[in-house]
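Notes to accompany the following structure.
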Amino acid sequence: MSIPDKLKHINISTRISILLGLVIILTMGVFSTLSLIKQENDSIEIIKNNSNQLCATIEKILRFSMLENRRNEITKALKDIVGKEGIRTVRILNHEGLIKYSSKQSDINQQISQSNPRCTGCHDNKDNMLVSSTKNFVNYRIDKQKNLVYNFLPIYNAHSCYTSACHSSGEMSSSINLKPTNGLQTFHYHDSSQTVLGFIEIEVSTEKIASNLGHTRSQLILITIIIALLASILTYFSIRTLVGKPVKNLVEGTRRVAKGNLKQEIPPGKAELGELSHSFNLMQKQLLTTQSQLIESEKLASIGKLADEIAYEISNPLTGIIVFSENLSKDSGEDKIKDYKVIHTEALRIREIVRNILTITKRELLEFKDTNVNEVINHSISIVNKLSNFQNIQIVNRLQKSVPNISANSGLLDQVFLNLLLISSESMSNGGIINISTNYVKDNGELDIIFSDTGKGIPEEILQKLSASNNSAGLSNTERTGISLAVCKNIIEMHKGSFSIESKPGSGTSILIKLLVNS
Amino acid sequence: MNRNRVPELLYLLNSWLTLSMQRQIKILAIDSKEIILKSIRKALNSDEKTEYIITTSGTSIEGLKLIRNDIYDLVLLDLAMPGINGIEVLKRIKKFNYDIPIVMLSGYSSKSSYSDVISNGAENLLLKPFTTAELKSVVSNIFKADKSTG
C-alpha cells in the first residue's frame with residue numbers, strides 16, 4: 001500500500017544505514033554550501049580591497065604623468081598593469097563619463113550614460129545629485145555572469161591640478177573645450193571649483209575564484225558521498241554482526257524450542273542482547289527440567305496407578321490365604337502348625353509390602369495445598385460423631401481461633417485425625433474424654449496439634465516398635481492400633497512434621513503433632 | 001457410691017451375657033469375590049462364643065433382594081461391586097432400613113476413603129486383606145456398642 005508499509009520489510013541494518021547516509025549527505029551539503037558562499041564573498045571582498053588599493057596606487061603613480069599630460073606614458077602604464085592578478089582592463093574616465101585612457105584601445109573616447117552603474121555609485125540617477133551620505137557611496141560593481149568585479153576610484157581635484165603650469169601645453173586647448181568655463185582665459189586646466197575630476201576604473205576577473213570554488217564544491221560533494229557510503233557500510237555490517245546475528249540466533253532458538261529441541265543452547269552474546277540470549281538459555285534449561293520432572297511424575301503416576309490396581313486385586317486372594325492359614329494352624333497337629341504359621345506370617349508380610357509400596361507411590365502423587373488444620377479436625381470430628389462407639393465419648397475441642405495455613409494434603413491429614421480418634425475410642429470402650437487442641441508457636445513457625453484421651457493407654461511394645469522404625473512390617477501382629485499409628489506417623493513425616501506419643505497404660509495417651517507453617 | 005456402682009454392675013452383667021450366652025447373629029456378606037465370602041465364613045465360624053448365621057451373595061442385586069426378604073443383624077459389603085457399586089448399595093440399604101449396621105470392605109487403595117464410607121452411614125471400613133482377628137474385632141465392636149446403647 002503505502003511506502004512505510006513496504007519499508008517495513010527492509011531489514012533494520014539496511015534501514016539504519018540508509019538513514020545515516022542521508023543524514024550525513026544532508027548535513028555535509030548544508031555545511032559545504034554555507035562555507036562555499038562565505039568563501040566566495042570573502043574572496044570578492046579581498047579582490048575589492050586589493051583593486052581599490054591598486055586604483056589608489058595607479059592614481060599616485062600616474063598623477064605626475066597626468067599633470068604633465070603625457071598621454072602615451074599613461075596608456076603604456078595602463079597596458080602594463082593589465083594581465084596581472086586577473087586585471088582585465090584599466091580605464092581612466094573624466095567626470096563627464098568620457099573614457100580618456102584605457103588599456104583597451106577600442107574603449108577610448110566612448111561616452112558612458114548617466115544611468116551607468118559607474119555614475120550611480122555616487123550620483124542619484126535623476127538630477128546628477130550626489131548621494132546624501134558618503135557612507136552609501138558604492139565604489140564597485142559585480143557582474144556575476146561575466147565573473148567580473150569593477151572598482152572605481154574618484155580622482156579628486158587638487159591644488160596642483162588647477163595651478164600647474166604643466167597643463168599649459170598645446171594639447172590643453174582640446175581639453176578646455178570640454179570643460180565648462182566662465183569665459184576666463186586662465187592657465188588652469190581644471191576648474192578649482194570642481195571636486196572630482198574623473199575616476200580610475202579597474203576591471204578584475206573572478207573567473208579563477210569561480211573555478212576554484214567549483215573545484216572545491218565538486219571535491220566536497222565527492223568527499224560527502226564517500227563519507228556517507230563508508231558510514232552506511234560500516235553501520236550496516238556492525239548492526240548485522242552486533243544485532244542481526246544474535247537476533248537470528250534467538251529466532252532460530254525459539255523455532256527449535258517450538259519443535260521440541262531443548263538441548264541445544266544459543267551462543268552467548270554481550271550487552272543487552274547477551275542478557276537476552278542468557279535468559280533464553282536459562283528458560284530453555286528450566287523448560288528441560290520441568291519437562292523431565294513432568295515425564296518423571298507421569299511415570300510415577302502410571303506406576304502408582306498400576307501398584308494401586310495390583311494391590312486391589314491381590315487383596316482378595318491374600319485375604320483367603322491369611323484367613324485359611326490361620327484356621328489351619330489352629331486345628332492342625334503340632335508338626336503342621338509351624339508350616340501353616342510360616343504361610344500366615346509370609347502372607348502378612350506381603351500385605352505390609354503392598355501397603356508400603358502404595359504409601360510411597362501415593363506420597364509422590366500427592367497434591368499439597370494450603371490447608372487449614374482446624375477445618376480438617378472439625379471434619380474428622382463431625383464424621384466420628386455419627387459412629388455409635390463415640391456415644392459415650394466427649395470430644396473437647398480447644399482449637400486456636402485463627403491458625404495459619406500449612407501446605408498439606410487434607411485427605412491424608414483427615415485420615416490421621418480419624419485414626420487417632422478411632423484409636424482413642426477403642427481404648428475407651430466405657431466412655432471418656434478426648435481433648436483436641438491446636439496451638440501456633442510463632443517463634444519457630446510450628447503448629448502444634450495435641451490429641452489426648454483418658455483411655456487405657458497404648459501397650460509398651462507397640463510404642464517401642466513404632467519408635468524403632470517407621471516400617472510397619474514389624475507390626476505383623478494383628479493389632480490394628482499399631483498399624484494405624486504407624487500410618488499416622490508416616491503421613492506426618494510425609495508433611496515434614498514430627499509425631500510423638502506419650503502413653504502410660506491405664507492413664508491415657510497424649511499425641512503431639514508438630515507441623516511446619518508455610519513461610 | 002450408689003451412683004458409681006450402677007454402671008459398673010450393668011457393665012459386668014453385659015460382659016457376662018456376652019461371654020456366656022451362645023448368641024445367634026445373622027450376617028449378610030455381599031462380595032463379588034468368592035474367596036472373600038469363603039474367608040468370612042471360615043473366620044466367623046471359628047468363633048466359639050458366638051454363633052454366626054452367614055448368608056452370602058455375589059451380586060448387588062441379589063444382596064438387595066435378600067435384605068428385603070429377611071432380617072439381618074449386620075451386612076458386610078464390598079465397596080467395589082460390579083454393576084451397582086458398593087456406595088450405591090449402601091445408600092439403598094440405608095434407605096430401606098436405616099438401622100441395619102453395615103461394615104464396608106475394601107482393598108487398601110487410593111479408591112477407599114474412610115470419610116466417604118462413614119458419611120454415607122456405614123459403621124466402619126475394613127481394609128482387605130484382613131485377618132481373622134481383625135474381622136472378629138470389627139464385628140464384635142458393632143455388637144458391643146449396640147448392647148451398650150440398647
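Here, each number is a calculation from the coordinates, and none is a lab measurement. Values in this document were obtained by computation on a predicted structure and should not be read as measured data. Glycine gets a Cβ as well: all are built from the backbone with ideal geometry, and neighbour counts include every protein chain shown.
In the frame of its principal axes, the protein assembly as shown has Cα extents of 190, 55, 48 Å, reported largest first.
Take the eigenvalues of the Cα gyration tensor for region A:366-516, scale each by 5, and report the square roots as semi-axes in whole Å, largest first.
Details: eigenvalues 104, 74, 40 Å².
In descending order, the three semi-axes are 23, 19, 14 Å.
Report the trypsin sites (Lys or Arg not before Pro) located in region A:241-325 that are in a DSSP loop and have at most 15 other Cβ atoms inside 10 Å of their Cβ, or state none. Working shown, then result.
On the way: sites: A:248, A:255, A:256, A:259, A:263, A:270, A:285, A:299, A:305; in loops: A:263, A:270.
Qualifying residues, ordered by number: A:263, A:270.
In this simple spin-label approximation, residue A:282 and residue A:337 carry label points 7 Å from Cα along the Cα→Cβ vector, and these lie 7.2 nm apart.
Order of A:57, B:55 from fewest to most other C-beta atoms within 10 Å? Present the calculation step by step, with values, prior to reporting the outcome.
Working: A:57 13, B:55 16.
The most exposed by this proxy come first: A:57, B:55.
The alpha-carbon of residue A:369 sits under 24 angstrom from the alpha-carbons of these lysines, leaving out residues fewer than 8 places away in its chain: A:299, A:305, A:401, A:442, A:489, A:496, A:514, B:111. Along the charge dipole of the protein assembly as shown, which of A:35, B:129, A:200 sits closest to the positive end, that is, farthest toward it, with unit charges on the beta carbon of Lys, Arg, Asp and Glu (+1, +1, -1, -1)? So the residue we want is A:200. Counting only alpha carbon atoms, the long axis of helix A:480-494 and the longest principal axis of chain A meet at about 10°. 3J(HN,Hα) along region A:45-58, derived from phi through the Karplus expression 6.51 cos²θ - 1.76 cosθ + 1.60 where θ = phi - 60°, amounts to 4, 4, 4, 4, 4, 4, 5, 4, 5, 4, 4, 4, 4, 4 Hz, with x in place of Gly and Pro. Think of it as helices only: each DSSP H run of n ≥ 4 in the protein assembly as shown is worth -39500 (n - 2.57), and spread over all residues that comes to -18000 deg cm²/dmol at 222 nm. Applying both filters, DSSP loop and at most 10 other Cβ atoms within 10 Å, to the trypsin sites (Lys or Arg not before Pro) of region A:1-78 gives A:8. 3J(HN,Hα) couplings calculated from phi for region A:59-64 with the Karplus curve 6.51 cos²θ - 1.76 cosθ + 1.60 (θ = phi - 60°) are, in sequence order, 4, 5, 5, 7, 3, 5 Hz; Gly and Pro show x. Between A:47, A:491, B:36, the Cα set farthest toward the positive side of the dipole of the protein assembly as shown (charges on each charged residue's Cβ, about the Cα centre) is that of A:47. What you get for chain A, charging only the Cβ of Lys and Arg (+1) and of Asp and Glu (-1), is a dipole of about 2200 debye around the Cα centre. Across the cross-link table entries A:386/B:42; A:245/A:270; B:26/B:94; A:336/B:42, which are compared at the Cα atoms, the separations over 21 Å belong to A:386/B:42. In degrees between 0 and 90, to the nearest 10, how far off the longest principal axis of chain A does helix A:271-331 point, with axes built from Cα atoms? Orientation of helix A:271-331: about 10 degrees from the principal axis. Amide H contacts of residue A:198: A:95, A:155, each under 5 Å away and 5 or more positions distant or on a separate chain (H built 1.01 Å from N in the peptide plane; Pro and chain starts excluded). With neighbour counts taken as other beta-carbon atoms within 10 Å, the residues A:501, A:310 rank, fewest first, as A:310, A:501.
Dipole magnitude of region A:274-339 about its Cα centre, charges +1 at Lys/Arg Cβ and -1 at Asp/Glu Cβ only, in debye to the nearest 20?
Working: 6 positive and 11 negative charges, 56 e Å.
With only Lys, Arg, Asp and Glu charged at Cβ, the dipole is about 260 debye.
Placing unit charges on the Cβ atoms only, positive for Lys and Arg and negative for Asp and Glu, gives region A:366-516 a dipole magnitude near 160 debye about its Cα centre.
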